Amino acid sequence: MTGELHPIPFHRPSLGLAEREAVIEVLDSGWLTTGSRTAAFESAFATYVGAEHAIAVNSATAALHLALEGLGVERDDEVIVPTYTFAASAETVLYLGARPVLVDVDPLTANIDPAAVSAAIGPRTRAVEVVHIGGLPADLLGVLAAAGDLPIIEDVAHAFPSPVAALGGRLAGTVGRAGAFSFYATKTITTGEGGMLVTDDTALADRARTMRLHGIGRDAWKRYTTAGSWYYEIEAAGFKDNLTDLAAAIGLVQLARAAELRAARAAIAARYREGFADLAYDGRLILPAMGTGDEHAWHLFVVRLGDRAGTEIDRELPGVAGLPATLGALASRRARVIDRLRQAGIGTSVHFIPLHLHPLYARMGYRPGQFPIAEAAYAGAVSLPIWPGLTDTQIGHVIEAVRTAI
């Protein structure tokens, strides 16, 4: 079995006949943009997660932005954000002229550290963002205690559906003031591009509905259909964040499959854990934290090279400077492992380059070495393919190739 004959992409969406027929139905309807399918998707999603309101938007980035804007975050305010996350978590703070206050993460889960949240709170702090890395819910009880009266916004791009055992099985994304879900192509359920803002705060939901479409109080489908009225009023300087009916039609089908798709990911994760158990036991590989076992959405399966994961160092860490020498050596070994997996025909990724290591945040005064736990997590991290549709043969090939590379 060679990589050339059996390429395995990092991700492939699980789409079938039902999704295709849903899209065709929308095409045949003559109404493609935000309309009745979007409204149906919002209603179904709110019911699924147990939230009062669900506002469909074109990305989780838009959902985060709308949540922050709706909470009144403005210039010179501060929002606490973990450094170990994707660009969207903090850039949405910058959109509003506020400052992301970066903090370090838990060494076991790579989720935000409640103690770091507590230490970072200051007189200008307006909110706390919680990112559920890889699909494992963060310590929400700890963050709630640390944040006190501050609103919590959950970045739930990875964690659907993820029940939080410590909170009676409530789904991640429904615990804070607002939750921002992603339906990007790699997520558990997808609309290609898309997102959902969920909240029990009616005022926040009403604001988001207005601001997602130019600050106009009435969506186009309520104005342009025969039952609607042409009249509209601009209530605020809004954004172009709406979701289309084409995307929502796919989302409705995918939502009905959410449990099936999550279970498929969990089964692959179990195979990986079994296949790498001895490498984890002797310190060559660090496997992702499990939580209770039922909480994890398994959006990602991130392994980290351990202290005994080989000694070859033949390249510098590409694109990021300033890591301590020991982490630079680990990152160099990681780069070699990724290259060997590529040669075996296996797609991988790295999640994430901590925000404080990027030029944008260096210009804000952040520096390498400031958040050592996040840096250590990043230096050895490799994300493996984990998507419904991977065959037993493909999973076995990934396990064999990782073992050989290490």
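The values are calculated or read from the model by the stated rules, or taken from the named source; none is laboratory data. Keep in mind that this is a model prediction, so the values were computed, not measured. Backbone-built Cβ (ideal geometry, glycine too); neighbour counts: all protein chains shown. The area values use the complete protein model at the heavy-atom level, side chains included, leaving out ligands, DNA and RNA. Shrake-Rupley method; radii C 1.70, N 1.55, O 1.52, S 1.80 Å.
A 1.4 Å probe run over the protein chains yields, for the chain, 42 Å² of accessible area per residue, whole-number rounding. With R₀ set to 41 Å, the beta-carbon distance separating T292 from I234 gives a calculated FRET efficiency near 0.30.
Here the dipole of the chain is about 620 debye; that uses its Cα centre as origin and unit charges on the Cβ of Lys and Arg (positive) and Asp and Glu (negative). Of the peptides 230-236, 263-269, the order by per-residue mean of other Cβ atoms within 10 Å, starting with the highest, comes out as 263-269, 230-236. Label-to-label distance for A203 and S29 is 3.4 nm, based on points extended 7 Å past Cα in the beta-carbon direction. For the chain, take the longest principal axis of its alpha carbons; what is the angle in degrees between that and the long axis of helix 36-49, to the nearest 10 within 0 to 90? With both axes taken from Cα atoms, the answer is about 60 degrees. Restricting the calculation to alpha carbons of the chain gives Rg and Dmax of 21.6, 70 angstrom. Residues within the reach of a label modelled at D76 (point 7 angstrom out along Cα to beta-carbon, backbone nitrogen below 14 Å), restricted to the stretch 97-117, are 97-99. Beta bridges from DSSP with both residues in the stretch 131-216: antiparallel share about 55 percent, rounded to the nearest 5. The slack in the chain from S349 to T326, taken as 0.36 nm per residue of separation less the alpha-carbon distance, amounts to 6.1 nm. Only beta bridges with both residues in the chain are counted; by DSSP, about 55 percent of them are antiparallel. Highest mean first, the peptides 47-56, 359-368, 26-35 sorted by other C-beta atoms within 10 Å per residue fall in the order 47-56, 26-35, 359-368.
For the stretch 110-180, DSSP calls about 20 percent of its internal beta bridges antiparallel. Which of A40, I80, S118 sits closest to the plus end of the dipole of the stretch 37-137, meaning its Cα is farthest towards the positive end, when Lys and Arg get +1 and Asp and Glu get -1 on the C-beta? Farthest towards the positive end: A40. Accessible surface of the chain, 1.4 Å probe: 54 percent of it comes from carbon and sulfur atoms.
Over all other residues within a Cβ to Cβ distance under 14 Å of T188, the charged ones net out to +3, with Lys and Arg as +1 and Asp and Glu as -1.
What whole-number distance in Å separates the alpha-carbon centres of the stretch 235-256 and the stretch 372-406? After rounding, the separation between the Cα centres reads 33 Å.
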